[in-house]
Protein chains: 2
Amino acid sequence: MLVLISYDVNTQDAAGRRRLRLIAKQCVNYGQRVQNSVFECILDAAQCRQLQHKLCSLMDKEKDSLRFYYLGNRYEAKVEHFGINAGYQPEGVLMV
Amino acid sequence: MLVLISYDVNTQDAAGRRRLRLIAKQCVNYGQRVQNSVFECILDAAQCRQLQHKLCSLMDKEKDSLRFYYLGNRYEAKVEHFGINAGYQPEGVLMV
């Protein structure tokens, strides 16, 4: 299924900037960055729980926000893009 | 239906910072900001086209990125949140 992950990390201090780097680094292992703090990942339920667990352990729940959106398996018609960074297929990227 | 809107605007110059303000201002008219550049909006198809048209006219397609994600009418189980800014209902906010 396509899972959209977006996050806001409070980067007012060095610890926050470190959290941001680590969170992005984890997401890169599971999918494609489509915008600064937005990733699209093709995950099964177990992978999704695993990534959630990792990100939740990295974030500061008092300062940061993390959102998961589940777009299912037939997601092509559920995503529209305008502007730069358009041309990529979530599935295409992961299969290579 | 729930529509998730996320954008990345190039703010390296004053024009970009202005585009960012105007894009956010438009989105606020249609829904709820859930993260810095992420909005959740309850829209019908006509409202969605209208907002897309407005945002596309504001953005610079050579520099900015705008993504629309369609989560349908039964979206409660499709969104998971961790951390701050959790407690809000997209529908609840619009009805007030």
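The values are calculated or read from the model by the stated rules, or taken from the named source; none is laboratory data. What you see is a predicted model, and the numbers here were worked out from it, not measured in a lab. Cβ sites come from the backbone with ideal geometry, for glycine too, and all protein chains shown count toward neighbours. Remember, those area values only see protein heavy atoms, side chains included, never the ligands or the DNA or RNA. Shrake-Rupley method; radii C 1.70, N 1.55, O 1.52, S 1.80 Å.
Have a look at B:78, B:25, B:61, B:54 and point out the one that is of a type outside the set (Gly, Ala, Ser) and in contact (Cβ under 8 Å) with a residue 40 or more places away in the chain. The conditions single out B:78. Scanning segment A:26-68 for residues that are within 12 Å of chain B (Cβ to nearest Cβ) and of a type in the set (Val, Ile, Thr) yields A:34, A:38. Within segment A:31-46, the set of residues being open to solvent by 30 Å² or more (accessible area, probe 1.4 Å) and either part of a strand (DSSP E or B) or farther than 17 Å from residue B:63 by Cβ (or both) comprises A:32, A:33, A:37, A:42, A:44, A:45, A:46. Within segment A:9-19, if we keep just the residues that are more than 12 Å from chain B (Cβ to nearest Cβ) and touching a residue at least 12 places away in the same chain (Cβ under 8 Å), the residue that is farthest from the chain's Cα centre (by Cα) turns out to be A:15.
Can you tell me how many residues within segment A:15-30 are open to solvent by less than 80 Å² (accessible area, probe 1.4 Å) and not hydroxyl-bearing (Ser, Thr, Tyr)? Looking only at that region, the number is 9. Yes or no: residue B:71 facing another protein chain (nearest Cβ under 7 Å), open to solvent by less than 10 Å² (accessible area, probe 1.4 Å) and within 23 Å of residue B:85 (Cα to Cα)? When the stated conditions are applied, residue B:71 passes them.
In summary, residue A:84 fulfils each of the numbered conditions (1) open to solvent by 60 Å² or more (accessible area, probe 1.4 Å); (2) at the interface with chain B (Cβ under 8 Å from one of its Cβ atoms); (3) at pLDDT below 95 with the single exception of condition (1). Of all residues in segment B:25-76, exactly one satisfies the criterion of being within 22 Å of residue B:15 (Cβ to Cβ), under 10 Å from the mean Cα position of the chain (by Cα) and of a type in the set (Gly, Ala, Ser), namely B:37.
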